[in-house]
1. Run the numbers for Glu417 and Gln293: contour at 0.36 nm per residue of separation, minus the present Cα-Cα distance, in nm.
2. Once label points are set 7 Å from the Cα along Cα→Cβ at both Ala582 and Glu366, what is their separation, rounded to one decimal in nm?
3. If I take every Cα pair under 8 Å that is 6 or more residues apart in the range 388-447, average their sequence separation and divide by the length, what percent do I get for the relative contact order?
4. On a full-extension model of 0.36 nm per residue, what is the gain between Asp160 and Glu188, subtracting their alpha-carbon distance, rounded to one decimal in nm?
5. Going by average Cβ density within 10 Å per residue, which order do the peptides 160-168, 587-595 take, highest to lowest?
6. For a protection proxy built on the mean count of beta-carbon atoms within 10 angstrom, sort 209-218, 65-74, 318-327 highest first, please.
7. For Glu213 and Leu358 in the same chain, what is the full-extension length gain: residue separation times 0.36 nm, less their Cα-Cα distance, in nm?
8. May I ask you to order 676-683, 130-137, 404-411 by the average number of other C-beta atoms within 10 Å around their residues, highest value first?
Amino acid sequence: MSVLSWLYVAGVALVGVPIFLHMIRRTPHGKVPFSTLMFLQPSPPRMTHRSRIEHWLLLLLRALAVVLIALAFARPYWRETEQQTLARGGRRVALLIDVSASLQRKGMWAQSQERVTHVLKDLGSEDSLAVFTFDTALASVLRFDDWDQLAADARRPVLDERLKTLAPNWKGTDLGHALSEAVAAVAERGSGKQPKSVELVVISDFQQGGRIESLQQFQWPDGIVVRPEFLKANTENNAGLHVAASLSREDVKARIENSIDATAERFAIGGEAVGNATAEVPSQQDAVIPPGQSRVLKVGEIDSSTAWRVTLSGDDEPFDNTVWVSKAAPRRVTVAYYGNDSADDPKALRYFLERAFLPTPEREVEFLAYAAGQPVLAGDRPVLVFVVAPQESSVLQTLGKQIEDGLRVVVIARDDEMTRLAVALAGHEPVEVSEAKVSNYAMLTNVDFEHPLFSEFSDAKLADFTKLPIWKHRAVDARALKGGRVLAQFDGESSLPALVELPRGSGSVIVSLFGWHGDDSRFVLWSKFVPMVNHLLTHSLGSAPQPRGLMVGDRLPLALGVKDCVIKLPSGETRTVAASEAFHTTEPGLYVVTASDAEPSVWAVNLDPLESRTTPLRLDELKSLGLPLTDMAAASTDEERRQLQSRELEERQKYWQWLISAGIVVLMLETWLAGRTAYQQSAAMQG
């Protein structure tokens, strides 16, 4: 048993003071000479009835009342009783451990392990525990069901073995996603015993770059509280170095961002060429950056044969002081065109298509045009093929085989013959085709925004197709195109298909039942034409656009059509993966990808820039986001946490109410007894 206010306990000791003073016999020490008394013999003072305790019961009642009231103000609580109460109800605790890149700072991981040990010591015998780690995503270490199925004496050994394998990685932090996923994990756990409380204990540095804004719209379930365990860095001097965006393909710019609570403001950056000894190494530059500000410096120019390591000096945390820069060679892709149009005829479809595929820093497009009778697919294998004119059977047979192997072909059906050719090219049974009757003009409707041809316009602000008039088109019954995917329809009562994708093997044929130029429509002059065909080409490549900057955790772009790739990691380890597999980066540095039929490509992977924003969030900032924090969240030391725990125990038990009630009863009894005693003494004196 313990009390919150020990000062009031001292009041109990004061009860004995008047009793002691009343019981002791004191002889006067001072002497006053009187002439008339100088010949008398001294005698001790006589005891009177005031020197004796006549009513022991009354004295005990008064003393007991003082003791009870003093103990009530001391606010006692019983720890063992509370622990038994918690054991009967049980708690559900989800422990979230931050393993993001910011935990690479000095001493942070050791602090995290100490906090984990402290949390595990507070668990009761009937508590249920789940342990998770989080960075950009939430990962399970031990689930509630696993904890419940283990024997009581086997839980800690199993958990300790799994905790030994944990270490901070190089990924970013998404605390908002981690908390929402943890809430879902707690809610999904089925248990016949209702927990006494549900608590999310989060061990993290709670940095400002932790992406917690998503919790502003999150609805927290009732009965769940969050207890943040703040980790404190050994130093406040941290500046982050990141690659800054540049309008030039060759320029390399670096951004230095100084933390808001830093004391250092003088920094220097320097570069080192990797992979080419003849490359010009960037010279060192000095910069003065006040706390909370950033500055962009031009490091130099780089080509596809060189990679750089740029380093920062001047702060106390080296984990984010290195960035890697590389310029990947543009990817060479081929687009084939089957038609008899001239490249310089502004009225021909080839004129617009050839100019629609512009080169980018990530790719170079080779546009190959084939007329009737020319060799089929000379040179590189095309990624995307457009057919706008009838072709010989040999061409169709070759295209058919390529489609089965994964090629995507777009057929512009300007007449009934081209429509039948497209259906035959897809290996589909013949269908009835006729010229549709259009009174004025038709428009596209019921667009499939999930298809790559239209996915760029899924936003409501971009999904306006009213500015594309179609004056002529072909009519085909959609039910006859079995297995086909209707990408768009013509408006009107009949709702005829306008664009259909017919699968064949691993590839497909996209059939446009209206012409893209001339008398049919003005599709090539439409503002959405260029982004549509470019996005279709990107999707046909089999991977997303090659990004300018990769961060740890991103998927590494691999070349299409390559069976195996050998990837050399920054650590020197090599991995062999298929191009169809998703290989995600795990550490910052240079990744060298080598394929059997392609030149090696070098990819620079860096930290998430937000990881450098290491200034911790304040407690009021967490509250403003709606987190249901416990009172324990305000405690920064073990002593403060112990005091809060004691206060919570006392508030639940409230023994002071019983002590006050008992004190009142004792005072009422003492009042009655004192009155009765006084009455008896008065009656005795009168008698």
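1. So the chain would gain 38.0 nm between Glu417 and Gln293.
2. Label at Ala582, label at Glu366, 3.2 nm between them.
3. Computed value for the range 388-447: 30 percent relative contact order.
4. Length gained, Asp160 through Glu188: 7.6 nm.
5. Taking the mean over residues of other Cβ atoms within 10 Å, the ranking is 587-595, 160-168.
6. 318-327, 65-74, 209-218
7. 48.4 nm
8. Descending packing order for the listed peptides: 130-137, 404-411, 676-683.
Throughout, read-outs are computed from the coordinates displayed, never taken from laboratory work. All figures in this text were calculated on a predicted structure; none of them were measured in a lab. Cβ coordinates were reconstructed from backbone atoms using ideal geometry, including for glycine residues, and neighbour counts include every protein chain displayed.
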